[in-house]
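Read the structure below first, then the notes.
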Amino acid sequence: MLRSAWFVVNLSAHEGVAVSWLEALACRTPILAMVNPGGLVSSFGMFTGEFPGDGTDGLGALKAGFERLLANRTLRAELGAAGRRHVRATHTEELFLRSFRNIAVHIGVSPKKSDSSEPV
């Protein structure tokens, strides 16, 4: 479904990086949102600006962003391609395992090497 979407709209006024955003970017699908954690949305989608409270003050900005993305296929393609490159470079199994090992070492837990005769 995300591969055929033109863009993803996130209506949360307070959410951090949602897994659905990374899934969308992996599928070359840009994001429209009122939050911009780490500059993710402004880099790979349309950031409308922050609207504290319940977010209803941001509906006009969401509408404008929606219309801009809807009308500009080239922009959607460029943002989507950049988003996919970002996810492929920053969310790999290797990076996850390295981070996990670093955390384990930091808290004093040494990850064991797997023994093929015992279940993992």
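The values are calculated or read from the model by the stated rules, or taken from the named source; none is laboratory data. Every value quoted in this text rests on a predicted model; they were computed, and no experiment measured them. Positions of Cβ are backbone-derived with ideal geometry, glycine not excepted, and every protein chain shown enters the neighbour counts.
Listed values, structure above:
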| quantity | calculated |
| --- | --- |
| Matching residues, region 20-53, being among the hydrophobic types (A, V, I, L, M, F, W, C) and over 16 Å from GLY80 (Cα atoms) | MET34, VAL35, PHE51 |
| Boolean, PRO30 is touching a residue at least 24 places away in the same chain (Cβ under 8 Å) and in contact with a strand residue (DSSP E or B) (Cβ under 6 Å, 6 or more places away or on another chain) | yes |
| The listed residue being hydroxyl-bearing (Ser, Thr, Tyr) and at pLDDT below 95, out of THR74, THR29, THR56 | THR56 |
| Residues satisfying the stated conditions in region 56-74, i.e. without any contact (Cβ under 8 Å) to a residue 24 or more places away in the chain and in contact with a helix residue (DSSP H, G or I) (Cβ under 8 Å, 6 or more places away or on another chain) | ARG68 |
| Scan of region 35-60 for residues that are within 18 Å of TRP6 (Cα to Cα), part of a helix (DSSP H, G or I) and of a type outside the set (S, T, N, Q), ordered by number | LEU40, VAL41, PHE44 |
